[in-house]
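Below is one structure, written out as structure tokens; comments come after it.
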Amino acid sequence: MQKIIILDFGSQTTQLIGRRVRELNTFCEILPYNRFPTDDADVIGVILSGSPLSVNQSDAFRLCFDNLRGKYPLLGICYGAQLMADTFGGSVQRSDTREYGRATLSWLNASDPLLAGIDVGAQVWMSHGDTITCLPSGFCAIASTSTVANAAYRGADEEQLWGVQFHPEVFHTLCGKQLLENFVVGICGSRQDWSAAHFVDTTVAELREQVGTELVILGLSGGVDSSVAAVLLHRAIGNKLTCIFVDHGLLRKNEYAEVMSLYEGLGLNVVGVDASAKFYAELAGVTEPERKRKIIGKGFIDVFEAEALKISDARWLAQGTIYPDRIESMNITGKVIKSHHNVGGLPAKMNLKICEPLRWLFKDEVRRVGRQLGIPERLISRHPFPGPGLAVRILGDITPEKVHILQEADDIFIRALREWATDDGDVLYNKVWQAGVVLLPVQSVGVMGDERTYEQAVALRAVTSTDAMTADWAHLPYDFLSHVSNEIINRVQGVNRVCYDISSKPPATIEWE
């Protein structure tokens, strides 16, 4: 299968490069800058990412180009472009006029294949303090801005080597998709045959070969990733898959029953476990957020292990691990910096082999595969939900009474998002990346009828995002917020005040704990 290799030098937008390449129906892998697979015959091109470093630093990440130059089409982005220029004999210096943010191409060579279909005046996005002041011998500039002469360049024709100082992968480079398509399709020759249907067919075949006749267990969370992984495995091995869905008592209102019903409708063999009493007992009196998470994580492992051991012939543990999980689990030197979050930490005595059918997919691709598999849209389009559930949305200690209050308030908010129509005929739920209600550890004075109240306050949280790395607060209509506030205060006993969180990430996080 054809693939583009993206060598990561530590840029915050490296994953975005991968997403843009995948949007061109082309498979790609993101690897640490020093891990190029020299023996992979499927590689058709290489992209070098940006970096927070300067090529002039003593500890700058360097790259041996012996296995790349003249053998594959190369595209360097920002640091990648500077690195190639510096390595091949050019000069990179600190710029007197730094460029951050929007810029426009004041000149370009329209005949160059990298810039086909791009016009003078095209908006690009810069983010660099160094600049290429002198190109290597045999190289030539193919685009400039008013302040950066070598905004884009190319090497000798036979080398198929290009560099751009701007970031074509980001939204604000309006010609970025065209430029990447020119490279991936026009220059590298991608057949653009990476699709959801292709992924399903090849993965089902691979799973049948990998697992054979052995039994597989999978921990379901009710979220998109584990659900798609389960249906994909079920298509491959049928009743050899057993799914375990643990209810820790911190799910949304009626979520356990609703999700179990959806899973049964998909033909999955699901073992449901109501372990809420265990979790409430272990969380009693605990207020520190990280301790809550550890208690819930260990409790899940205990319950999952007990159920999994009942399936004595199981040989595989399947997880809904997706590609960003794997990328984020190592830094660019290949050292693990955090473990997978799916079902990590299971006891070694279970002695299970790991199966990760979604390990190459980004979140949006997981959803496309889910639709290809015929999974109901209500399950596919579900907002992300934290593994510890409502525990990280109750500030302070956890009690069944607090969980009940939060479930009722959250249900009103989410239902309203699903029902409130927008001007384009869609609903607000589909305009929001993630939403929920937070129960605050404060009480406030209110008045209901002729009586004074002293009850709980809740905060509504809704954000827009593409990958949860950054997020902005959702600008929900005032009349919608007024409606939700009135509904919660009138219908949820114990709440007399509703706030709306208008902080973005960064500096805040999406969840409050």
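The values are calculated or read from the model by the stated rules, or taken from the named source; none is laboratory data. Note that the structure is a prediction, hence the values are computed from the model and not measured. Counting neighbours? That spans all protein chains shown, and the Cβs are built from the backbone with ideal geometry, glycine included. Keep in mind that these areas ignore ligands, DNA and RNA; they rest on the heavy atoms of the full protein, side chains included. Shrake-Rupley method; radii C 1.70, N 1.55, O 1.52, S 1.80 Å.
Of all residues in segment 208-224 being in contact with a Cys (Cβ under 9 Å, 6 or more places away or on another chain) and either β-branched (Val, Ile, Thr) or part of a helix (DSSP H, G or I) (or both), which is most open to solvent (accessible area, probe 1.4 Å)?
Residues of segment 208-224 in contact with a Cys (Cβ under 9 Å, 6 or more places away or on another chain): 210-211, 216-220.
Then drop every residue that is not either β-branched (Val, Ile, Thr) or part of a helix (DSSP H, G or I) (or both), which leaves 210-211, 216-217.
On the way: Gln210: 81, Val211: 5, Val216: 1, Ile217: 2 Å².
Checked segment 208-224; the qualifying residue most open to solvent (accessible area, probe 1.4 Å) is Gln210.
Inside segment 474-494, can you point out the residues that are touching a strand residue (DSSP E or B) at 6+ places or on another chain (Cβ under 6 Å) and under 29 Å from Ile17 (Cα atoms)?
Scanning segment 474-494 gives a single hit, Ala474.
Out of curiosity, is Arg94 modelled with pLDDT under 90, in contact with a His (Cβ under 9 Å, 6 or more places away or on another chain), of a type outside the set (A, V, I, L, M, F, W, C) and not in a loop (DSSP other than H, G, I, E, B)? Step through it out loud before you land on a result.
On the way: modelled with pLDDT under 90: yes; in contact with a His (Cβ under 9 Å, 6 or more places away or on another chain): no; of a type outside the set (A, V, I, L, M, F, W, C): yes; not in a loop (DSSP other than H, G, I, E, B): yes.
No: the conditions fail for Arg94.
Which residues, counting only those in segment 174-187, are surrounded by fewer than 23 Cβ atoms within 10 Å (Cβ to Cβ) and either under 15 Å from Lys3 (Cβ atoms) or touching a strand residue (DSSP E or B) at 6+ places or on another chain (Cβ under 8 Å) (or both)? Spell out the reasoning first.
The initial filter retains those residues of segment 174-187 that are surrounded by fewer than 23 Cβ atoms within 10 Å (Cβ to Cβ), namely 174-175, 177-178, 181-182, 185-187.
Passing the criteria: Leu174, Cys175, Val185, Ile187.
Please work out if Leu379 is assigned to a loop (DSSP other than H, G, I, E, B), in contact (Cβ under 8 Å) with a residue 24 or more places away in the chain, open to solvent by less than 10 Å² (accessible area, probe 1.4 Å) and under 30 Å from His234 (Cα atoms).
In short, no.
Could you tell me whether Gly89 is in contact (Cβ under 8 Å) with a residue 60 or more places away in the chain, outside any strand (DSSP E or B) and either out of contact with any strand residue (DSSP E or B) (no Cβ under 7 Å at 6 or more places or on another chain) or of a type in the set (Gly, Ala, Ser) (or both)? Talk me through it step by step, then tell me what you get.
Values: in contact (Cβ under 8 Å) with a residue 60 or more places away in the chain: no; outside any strand (DSSP E or B): yes; either out of contact with any strand residue (DSSP E or B) (no Cβ under 7 Å at 6 or more places or on another chain) or of a type in the set (Gly, Ala, Ser) (or both): yes.
When the stated conditions are applied, Gly89 does not pass them.
May I ask you to say which residue of Ile296, Ile322, Ile311 is over 21 Å from Gly389 (Cβ atoms), among the hydrophobic types (A, V, I, L, M, F, W, C) and modelled with pLDDT of 85 or more?
Working: Ile296 fails: over 21 Å from Gly389 (Cβ atoms); Ile322 fails: over 21 Å from Gly389 (Cβ atoms).
The unique qualifying residue is Ile311.
Out of all the residues in segment 67-86, which are part of a loop (DSSP other than H, G, I, E, B) and among the polar types (S, T, N, Q)? Step through it out loud before you land on a result.
Going through segment 67-86, the residues part of a loop (DSSP other than H, G, I, E, B) turn out to be 67-73, 78.
Once the filter is applied, which keeps residues that are part of a loop (DSSP other than H, G, I, E, B) and among the polar types (S, T, N, Q), segment 67-86 yields only Asn67.
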